[in-house]
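Laboratory data are not the source of any read-out in this text; all were calculated from the coordinates shown. Just so it is clear, the structure is predicted and the values come from calculations on it, not from any experiment. Because the Cβ atoms are built from the backbone with ideal geometry, glycine has one as well, and the counts that use them run over all protein chains shown.
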């Protein structure tokens, strides 16, 4: 587990976020950052007249959350860990978006709100793990009634249903390695010691990267002379977890091809649209990948490029980067993991599923796609002829 960590607890109103945040704070010895309902003078007015006060209330919460998230950065820098009650992404992607959908915020207000958020988001630390709590409507309404917040009694159920729908949308798109979903209907985190213990254990297990058994030993020191590290490996090999670990240990920025593809082309990891569709996007998102690398390298910073890097785009990317820095300042870190080892890990992994296939079946499909192109020579592992240092990790 990391020496310090940043957790955030998400979920619908009344699902138990504050209870869980306080429990984790107590058991893990962290600082807590709680929702600031009391100081939001617009909130009671909002529930009386949503169209009049939505923008005011949401902007108050946004600015408070920005301030709070910057505070978490200072706490982490001091060597302490943090648990936050509700991540800022839920404010933006659920609460504010719901007001726009319902017509309580007009387009100008919503654009101003999102513009304000965009001014801060790149400088804000991101949680190592979001614990997303789920429960049935019966459970949620019962819990809301038990805590006696007067303004919550006025909340229409269809508004709560919209919030839950929006929650699930952003959770589904979020990096599955950083989400822990907990169904809470039959759990009592107030009085049941076993439930409390099991929750803490699940959080700790998720914080420890289970997708890779790789340890950063002596070869990690060798990487410090590299300005650009290119990860290379098959889906599920553990390269992304290793990239994250290296970034934290060595202080490198990380660029992910998966995230660029999702953000720009709306193409998810193990995209159900099909393998050829993803392959057709490669030249375009690798071009964007290089532009990101260029910006960071010219800024004098070090970077890890988290991508499979097995296609023909890899040599082209290396050639482009070599126009910015010498090839001896680049390293390809190849992660070799036996297929049977990856399969066991992926069977246990949590991830999005579709009506047609489970997360594991999606991995099998994509892995088979990579195998086929490696056999055909369309894809290839890096070689010394590319002129950069190659470090191969047996995992």
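Structure notes:
- R0 of 30 Å, Cβ-Cβ distance residue 375-residue 287: FRET efficiency to nearest 0.05: 0.65
- Computed over segment 1-61, the Cα gyration tensor eigenvalues convert (square root of 5λ each) into semi-axes of 30, 12, 10 Å, ordered from largest to smallest.
- All Cα pairs of segment 72-130, percent lying beyond 18 Å: 45 percent
- In whole percents, the pair-distance distribution calculated for the chain from its alpha-carbon pairs, binned every 20 Å from zero, is 24, 55, 20, 1.
- Ranked 170, 381, criterion: other C-beta atoms within 10 Å, fewest first: 381, 170
- Label-point separation, residue 294 to residue 39 (7 Å along Cα→Cβ), nm: 4.4 nm
- Compared with the alpha-carbon gap, the fully stretched path from residue 344 to residue 26 is longer by 111.1 nm at 0.36 nm per residue.
- Using a Förster distance of 22 Å, the FRET efficiency for residue 301-residue 176 (Cβ separation, nearest 0.05): 0.20
- Estimated from helices alone, the mean residue ellipticity of the chain at 222 nm is -16000 deg cm²/dmol (sum of -39500 (n - 2.57) over DSSP H runs with n ≥ 4, per residue).
- Cβ-based exposure ranking for 57, 237, 256, in which fewest neighbours within 10 Å come first: 256, 57, 237
- As a rough footprinting exposure proxy, the listed residues 164, 35, 340 were ranked by other beta carbons within 10 Å of their own, and the order from fewest upward is 340, 35, 164.
- Along its three principal directions, the equivalent ellipsoid of segment 102-189 from the Cα gyration tensor extends over semi-axes of 26, 22, 12 Å, largest first.
- Computed across segment 221-394, the Kirkwood hydrodynamic radius from all distinct Cα-Cα pairs reaches 16.6 Å.
- Diffusion coefficient of segment 1-112 by Stokes-Einstein, Kirkwood radius over Cα pairs, 4 °C, 1.567 mPa s: 86 µm²/s.
- Sorted on the mean count of surrounding Cβ atoms within 10 Å across their residues, most packed first, peptides 311-317, 372-378 read 311-317, 372-378.
- A P(r) calculated from all alpha carbon pairs of segment 221-317, with 10 Å bins opening at zero, reads 15, 49, 30, 6, 0 percent.
- Rg in Å to one decimal, and Dmax rounded to a whole Å, for segment 6-206 via C-alpha atoms: 16.5, 49
- In plain terms, the bigger the Kirkwood radius, the slower the diffusion; for segment 335-395, with that radius from Cα pairs, at 20 °C and 1.002 mPa s, Stokes-Einstein puts D at 157 µm²/s.
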